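Only one structure is covered here, and it is reproduced in the block below.
No lab work stands behind these numbers, since they all come straight from the coordinates. Quick caveat, the model's predicted, so the values are computed rather than measured. Because the Cβ atoms are built from the backbone with ideal geometry, glycine has one as well, and the counts that use them run over all protein chains shown.
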Amino acid sequence: MPATTVSLQSSSVATWHRGGHVVLCLALGGLLVACDDKTAPPPAAAVQQMPAEPALARIYDSSCKLCHANPAAGAPLTGDVQAWQPRIAQGADTLLDHSINGYNGMPPMGLCVQCSEEQFLALIRFMSAQDLQ
Ligand code: HEC
């Protein structure tokens, strides 16, 4: 049998998990108030948010966003104030050091080799949705 007869069947993975969760919440809705996934990060919102300044938006779009708007990357997501809070508490100097030199899964310069220190700080302020300390 020729090798070209291999078929691809992996594209039909269904996502029933989510639907089941909603049904359960509706059934318990009268008794419980815990069905709103407030603690989960908002992937859709994170993917859509962009810095207001065009130059910064371009940098963000081609570097930080690849991971910081991707729940699978393990990075604190853009707009997820809770995830950013303990990191912001480290202070601006540490955050800048980790941005420039890397930190675990965070690559050196966050893949933006031309970024200035001011731009890193502005990007962190944007992604964390809070002021630096
Ligand atoms: C290749 C993926 C990737 C890219 C691109 C990326 N990051 Fe990250 N970043 C991560 C990951 C993963 C973490 C979490 C690291 C950890 O806590 O172990 C992180 C964490 C951080 C932190 C927190 C560090 C700390 O001390 O807690 C800052 C600040 C940061 N990134 C800034 C940026 C900026 C600014 C950009 C764009 C210029 C960027 N990142 C691009 C993956 C990325």
*Long-range tail of P(r) for segment 43-128 (Cα pairs > 21 Å, %)*: 19 percent
_Neighbour net charge for Leu56 - beta-carbon separation under 12 angstrom, K R +1, D E -1_ = 0
_Order these by the 10 Å Cβ neighbour count, fewest first: Cys64, Cys115._
Cys115, Cys64
_Assuming 0.36 nm per residue, please report the length gained on full extension of the stretch Asn104 to Gln90 beyond their Cα-Cα distance._
3.5 nm
